[in-house]
1. Given just the C-alpha atoms of the range 133-280, how large is their convex hull per residue in cubic angstrom?
2. Enter the Cα centre distance for the pair the range 295-352 and the range 152-205, rounded to the nearest angstrom.
3. Give the value in nm², to one decimal: projected area of the alpha carbon convex hull of the chain, averaged over all directions.
4. Can you compute 3J(HN,Hα) from phi for each residue in the range 22-34, using the Karplus curve 6.51 cos²θ - 1.76 cosθ + 1.60 with θ = phi - 60°, rounded to whole Hz and x for Gly and Pro?
5. Given 5 Å bins starting at zero, what is the percent of C-alpha pairs of the range 1-121 in each, up to the one with the largest pair distance?
6. Restrict the search to the range 194-294; then list the trypsin sites (Lys or Arg not before Pro) that DSSP places in a loop and that have at most 12 other Cβ atoms within 10 Å of their Cβ.
7. Sort 384-396, 125-137, 17-29 for me by packing, meaning the mean count of neighbouring Cβ atoms within 10 Å per residue, highest on top.
8. Got a sec? How would Trp222, Trp267 order by Cβ neighbour count within 10 Å, fewest to most?
Amino acid sequence: MQVYLVGGAVRDALLGLPVKERDWVVVGGTREELLRLGYREVGRDFPVFLHPDSHEEYALARRERKVAPGYRGFSVEFGPEVTLEEDLARRDLSINALAQASDGSLIDPFGGARDLESRLLRHVSAAFTEDPVRVLRVARFAARFAPLGFRVDPQTLVLMRSMVARREVDALVPERVWQETEKALREPAASTFFRVLRECGALARIYPELDALFGVPQPQRWHPEIDTGLHTLMVLDQAALLSADARIRFAALVHDLGKGTTPRAEWPSHRGHEERSVALIEALAARLRIPGEFRDLALIVARHHGIVHRAFELKPKTVVELLEQTDALRRPERFVQALIACEADSRGRTGLETTPYPQREYLLAARLAAASVKPTPEDLAAFAGAKLAERLRRRRLEAVAAVRAGFAAP
């Protein structure tokens, strides 16, 4: 029985990146041997074991054979006769098909080390096309490694396009689409994930709401970049600079979905796109079973980003209404997230990437002033119910007005 370190740990070590987790492949071993050595079996579809001390994952070397459509349509074979090269051959990209022996020597049957040096994301074999999840994974790795200069190999893109043409990506289940998307949103160059999906044609199949934004114009006065799809990716880039929070990045990504449904005769104007965006986000969240915390923040940003941008034009009454509608007094953290996404929207325009956004500071100060208004003992003695609520609201208006007086209009 021989044990090899495989995959991402070997790849990241060669790139000089921190190794976050290590996976191992066992060649020449059996399930019974590992159980006898104290390993704990956890694999559902094939034998995966946790080391008794390190709790790292050890998998028996395996082969895979395509037997049905979709990413679950595989027959898995494992046993002591399966070689390390056969196990590595089933992996998606050459840079993930690397192994390291116990003496530190590199096993690289598919040129992964060379592709690391060339900064290339290249498929291992034609079997790449058997699993539609690989379209998402390549796009996600592109988002992770774009800052290091990686690009998708042209021939790999050809294979990805063929999978889209054959409707293989249509077999992806919602949970897996969202799982890969959420991971991609946490990557350094998250927008690259959606760029690669669009380049291979998968965006139109998986995220038609996003794909519909490309080619839709906006008023050049406010959007020098003009194209709504380009603006959307620029907003995501700005959100990534402002925050590592995937919820904020998702809200930035989908805030303008409604512009993709504006009648062509109304271009470049997009009146009412906010409520259309809300409806599309609700449908998208239901389709992909997106967690509520992602959905709810995205809905707030889609519905209110326009009014947030005009914060200094608003009367105190309108500011208080905004705080109430966004539940900002009870949910201050989410309100902060929404304002960051709005700032990303403002900066996600050609030539305006470093423009200050004092609206965020002002609205945070207004929220704090409004939240500080509490009923006094005199209030509680003299008022109740609706009359007490109206008295508190009037004092909140006064508090917000005082904050506004301290801010110079931009």
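1. On the way: hull volume 17.4 nm³, N = 148.
Once divided by residue count, the hull of the range 133-280 is 117 Å³.
2. Each part reduced to its Cα centre gives a spacing of 31 Å.
3. Value for the chain: 25.9 nm².
4. In residue order, the calculated couplings are 10, 10, 10, 10, 9, 10, x, x, 10, 4, 5, 4, 5 Hz.
5. Pair shares across the bins are 2, 11, 19, 23, 20, 14, 8, 2, 0.
6. Passing sites in the range 194-294 are Arg221, Arg271, Arg289.
7. Highest-to-lowest ranking by the protection proxy: 125-137, 17-29, 384-396.
8. Trp222, Trp267
FYI, it's all coordinate maths here, none of it is from the lab. Predicted model, so just to flag it, every value in this text is computed and none were measured. Every residue, glycine among them, receives a Cβ derived from its backbone with ideal geometry; neighbour counts consider all protein chains shown.
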